[in-house]
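Some notes on the structure that comes next.
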Protein chains: 2
Amino acid sequence: MKIAKKKDDFSKWYTDVVLKADLADYSPVKGCMVIKPNGYAVWERVQEAFNVMMKSGNVENAYFPLFIPESLLNKEKAHVEGFSPELAVVTIGGGEKLKEKLIVRPTSETIMYAMYSKWLKSWRDLPILINQWNNVVRWEKRTYLFLRTMEFLWQEGHTVHETHKGALDMVYSALGWYKNLYQDFYAIDGISGIKSKSEKFAGAEMTTTYEMLMPDGKALQGCTSHDLGQNFAKVFDMKFADRNGKTGIPWQTSWGVSTRSIGALVMTHGDDNGLVLPPKLAPTQIIIIPIFKKSSNNEKLLKFCFKLKESLKAFRVKVDDREDQSVGWKYNQWELRGVPVRIEIGEEELKTGKLAVVRRDKNEKSTISNKKVEEGMANLLEKIQKDMFDKTRRFLKENTRVVDDYSDFKQIMSTKRGFLKAFWCEDPDCELKIKEETKASTRCLPFNSKVEKGKCIYCGRKASQRWIFAQAY
Amino acid sequence: MKIAKKKDDFSKWYTDVVLKADLADYSPVKGCMVIKPNGYAVWERVQEAFNVMMKSGNVENAYFPLFIPESLLNKEKAHVEGFSPELAVVTIGGGEKLKEKLIVRPTSETIMYAMYSKWLKSWRDLPILINQWNNVVRWEKRTYLFLRTMEFLWQEGHTVHETHKGALDMVYSALGWYKNLYQDFYAIDGISGIKSKSEKFAGAEMTTTYEMLMPDGKALQGCTSHDLGQNFAKVFDMKFADRNGKTGIPWQTSWGVSTRSIGALVMTHGDDNGLVLPPKLAPTQIIIIPIFKKSSNNEKLLKFCFKLKESLKAFRVKVDDREDQSVGWKYNQWELRGVPVRIEIGEEELKTGKLAVVRRDKNEKSTISNKKVEEGMANLLEKIQKDMFDKTRRFLKENTRVVDDYSDFKQIMSTKRGFLKAFWCEDPDCELKIKEETKASTRCLPFNSKVEKGKCIYCGRKASQRWIFAQAY
């Protein structure tokens, strides 16, 4: 069960952890991965958490078809241009060559909005607030587990509003949910902001994002929330009788987060012993391991363990009572799988009622009295969750640097990387040159950025705000 | 919002209800449907209920690829023959013609078992108990909402066991869960049993099923649970080191239930006013409707309604406080959507504290004291759930007939239909002839069928058990 060192070979370490912690595996289909039960259980926690947030905003789940007729996808020009190199196309169905090709959805704007257009009649039908959890396909030949796969799972929210303000409020609500999801559940700090013109979604007026910094100094885009303006509404002929009896054109948003986020989770928190999961997303939060003795008392020991499990039923707990594996093997196994807390129960613990508790994130041992174990565990899990987040907050701060000189920029990007805050004139040519020369792209313009007098780091022309640059996954 | 009468035109009535209760809609892709939030919310209740059952059996959720390489699907002969006429095939990916075609999964045996074969080493790895909730595609040109669609949602459980007995136990556990799901949640009685050779799953040794009878006298197969024997294990070269250090070949099962079941739900319980949902699957269980007066007191009325909603928070409750719709319109609207209980709140109810309560299934009005409303509602919802099930139990009994004469058989099948219990010699030729002549197929051999001395209803040769015959959806 050896895994590479995180510092020595980050990429190999990452793949080792994903494979050996049984999160995912390669499949016989190039570009597609299998999400194993351990990995999928994390995604189920994410779904639960995000469903609660969406429900608070009156968003409902639904399901739209996997296939999009080619003609429908072609309706919005920028959209189809953005996606056409990545499409999987069905040309044969039921043994016959199809008259019109069907595209396996890379995203569902077009198929959903064709329906919305049919449903929308009056302002009374607005807002339309629908989400779907599904699978989408964007062609890839190389697989990087979770991070780059041809098929991935996500949720895509698609809403329709009477006014632009209504749509913008939705864009920021969704982004707020994502920020909450990443900070409070994934325990990963990041920077929210607006994407540049060249980085925004194909067909959107504006794209907002939550950008995280991975331990190797590369950025990972956590989600996107788009203001679609009236672009798709016009193309799909969406109209409604407004409050004044006139014909209105609605305003739209779309937003999504995918299983890529599990890749970010692994990279951010994992260590040389494997996965480290934040308590809120851990399928198993506490593992109880009885230390069997060859001689005696194992029955009593097991009874104690299962009673302990029962008193911890507010949490997700397992007892590892396998008799054919050593205690050391079990410790390694559950560390590898990232379980936040391990409780070791031997004869000593049975006698004293003081439980030996090890937290996975810091590998620190402490004792908790069996009498106060429920409260103690609640506090410990909360503390672990918080400490894990704080660690990423420090890392983000330490690795976000202000630069005003392009040679510094290049030097940093070729060594330690990280987020660089640099003035940019907002000319796409400069953005492209920087990317060609340093592999760093604009990640976002952070919200509430100051307007200052500055000079574009590339061309020296006037610039008024510092953008975040980074090399990105 | 007029819908056809259930007795006059059952098929039109069904489609009217599905469309007008906002359960689903036709999509721009022939054969594919859109499941609208109202319909999807029912599916979410089903998922919740079934996840609990599966978890009790230690089954875990996971996710496997959408695409299956053609060569992999072709490995099991009976399997590929069964599915090949229904396949959707991807021939273009990322702008290039593919060297090997990819099949959009019609079911996932082959892709999952290729992985299982890789994972399985020792008896310690067994049983493998994995389920996935996903979308599958089986080519269809005609759409019958929920009942016949090219793409549908389902769960597919796939397990691997050391022994044939272990696999058989799993087959019957899964079927037991389905029976529980249909009887306790969908409130639909049915008959469980074994499929005939010609009706079993392509590649299975034995297929078990839960067959329900729709109000038009036609059968609907509710689910299947298959004993796959060692067929796939051999084809996919699945082996394991057994407890005696020898090489064993494992035994497998697969089992599934799909969104077709929502079609059964609509057909079984609906009436001329629309949908009737059993409380356990109803997204909204109780609708509170304030009877606004033009003159006064509406604020007090609303306050009362929301306080009532608060005291009913153990249930899924909504208050319809829209001011631009009449009370009568709202009654119709919520009846159409099948909400099990309506509470009407007017000035009278405010004064007396006696609430007017209408149950959807029987359209019966009663009063419940506001003081005991929580208990009263719990009892009422339970009673509705039970009454709805009992009604289907009576219907099933009344429409399951023993026949021993083929002219009776033909006569019944051409008029009132229903389930017919008839001796059959188990020769596929007789089965085929009966189907050609009456459109009735064997639905199942019920569990615990008596072994008797009988004569095949078609050929008169020796037969020992009565099979269930019906025309089927």
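The values are calculated or read from the model by the stated rules, or taken from the named source; none is laboratory data. Please read all numbers here as calculations on a predicted model, not as lab measurements. Counting neighbours? That spans all protein chains shown, and the Cβs are built from the backbone with ideal geometry, glycine included.
The residue that is modelled with the highest pLDDT, counting only those in the range A:301-332 that are more than 20 Å from A:Lys351 (Cα to Cα) and among the polar types (S, T, N, Q), is A:Asn332. A Cβ distance below 6 Å, combined with a sequence gap of six or more or placement on separate chains, defines the contacts here; from the range A:219-231, residues that are in the same structural domain as A:Ser261 (by TED's automatic domain parsing) reach residues that are of a type in the set (D, E, K, R) in the pairs A:Ala219/A:Glu211; A:Ala219/A:Arg443; A:Gln221/A:Glu211; A:Asp227/A:Glu205; A:Gly229/A:Glu205.
Scanning the range A:232-248 for residues that are over 15 Å from A:Glu205 (Cα atoms), surrounded by 14 or more Cβ atoms within 10 Å (Cβ to Cβ) and in contact with a Phe, Trp or Tyr (Cβ under 9 Å, 6 or more places away or on another chain) gives A:Phe236, A:Met238, A:Phe240, A:Ala241, A:Asp242, A:Gly248. All of (1) among the polar types (S, T, N, Q); (2) within 14 Å of chain B (Cβ to nearest Cβ); (3) touching a helix residue (DSSP H, G or I) at 6+ places or on another chain (Cβ under 8 Å) hold for A:Asn134 with one exception: (3). Consider B:Ile103 carefully, then state whether it is under 24 Å from the mean Cα position of the chain (by Cα) and crowded, with 18+ Cβ neighbours inside 10 Å. For B:Ile103, the condition - under 24 Å from the mean Cα position of the chain (by Cα) and crowded, with 18+ Cβ neighbours inside 10 Å - is not met. If you check B:Leu355, B:Leu350, B:Leu420 for being in the same structural domain as B:Lys294 (by TED's automatic domain parsing), touching a Phe, Trp or Tyr at 6+ places or on another chain (Cβ under 7 Å) and not polar (S, T, N, Q), only one passes: B:Leu350. For A:Asn51, only one of the following conditions fails: (1) modelled with pLDDT under 95; (2) closer than 29 Å to B:Ile130 by Cβ; (3) surrounded by fewer than 17 Cβ atoms within 10 Å (Cβ to Cβ). What is its number? Going through the list (1) modelled with pLDDT under 95; (2) closer than 29 Å to B:Ile130 by Cβ; (3) surrounded by fewer than 17 Cβ atoms within 10 Å (Cβ to Cβ), A:Asn51 breaks only (1).
Rundown of residues vs (1) surrounded by 24 or more Cβ atoms within 10 Å (Cβ to Cβ); (2) over 17 Å from B:Val59 (Cα atoms); (3) in the same structural domain as B:Val137 (by TED's automatic domain parsing), yes/no style:
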site	(1), (2), (3)
B:His158	yes, no, yes
B:Glu162	no, no, yes
B:Gly166	no, no, yes
B:Tyr182	yes, yes, yes
B:Ala187	yes, yes, yes
B:Gly190	yes, yes, yes
B:Ile194	no, yes, yes
B:Tyr210	yes, yes, yes
B:Pro215	no, yes, yes
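Among the residues making up the range A:297-309, those that are touching a strand residue (DSSP E or B) at 6+ places or on another chain (Cβ under 9 Å) and either more than 22 Å from A:Ile384 (Cα to Cα) or loosely packed, with under 14 Cβ neighbours inside 10 Å (or both) are A:Asn298, A:Leu301, A:Leu302, A:Phe304, A:Cys305, A:Phe306.
When the residues of the range B:136-159 are filtered to those that are in a strand (DSSP E or B) and out of contact with any strand residue (DSSP E or B) (no Cβ under 6 Å at 6 or more places or on another chain), which remaining residue is farthest from B:Ser261 (Cα to Cα)? So the residue we want is B:Val136. A:Ser311 - would you say it is more than 14 Å from chain B (Cβ to nearest Cβ), of a type in the set (Gly, Ala, Ser) and over 30 Å from A:Cys430 (Cα atoms)? Judged against the criteria, A:Ser311 is a match.
Across the range B:110-129, the number of residues qualifying as surrounded by 23 or more Cβ atoms within 10 Å (Cβ to Cβ) and either at pLDDT below 95 or part of a strand (DSSP E or B) (or both) comes to 1.
When the criteria are applied in full, B:Leu147 fails the requirement of being facing chain A (nearest Cβ under 10 Å), among the hydrophobic types (A, V, I, L, M, F, W, C) and crowded, with 17+ Cβ neighbours inside 10 Å.
If you go through the range B:56-91 and keep only what is crowded, with 18+ Cβ neighbours inside 10 Å and of a type in the set (A, V, I, L, M), you end up with B:Val59, B:Ala62, B:Leu66, B:Ile68, B:Leu72, B:Leu73, B:Val80, B:Leu87, B:Ala88, B:Val89, B:Val90. In the range B:74-105, the qualifying residues are those that are in contact (Cβ under 8 Å) with a residue 60 or more places away in the chain and assigned to a loop (DSSP other than H, G, I, E, B), and the one that is nearest to the other protein chains (Cβ to nearest Cβ) is B:Lys75.
Of the residues in the range A:166-176, not one is part of a strand (DSSP E or B) and not acidic (Asp, Glu).
Would you pick out the residues in the range B:16-29 that are in contact with a strand residue (DSSP E or B) (Cβ under 9 Å, 6 or more places away or on another chain) and either crowded, with 19+ Cβ neighbours inside 10 Å or within 17 Å of A:Pro65 (Cα to Cα) (or both)? Listed by number, the residues that qualify are B:Asp16, B:Val17, B:Val18, B:Leu19, B:Ala21, B:Leu23, B:Ala24, B:Asp25, B:Tyr26, B:Ser27, B:Pro28, B:Val29.
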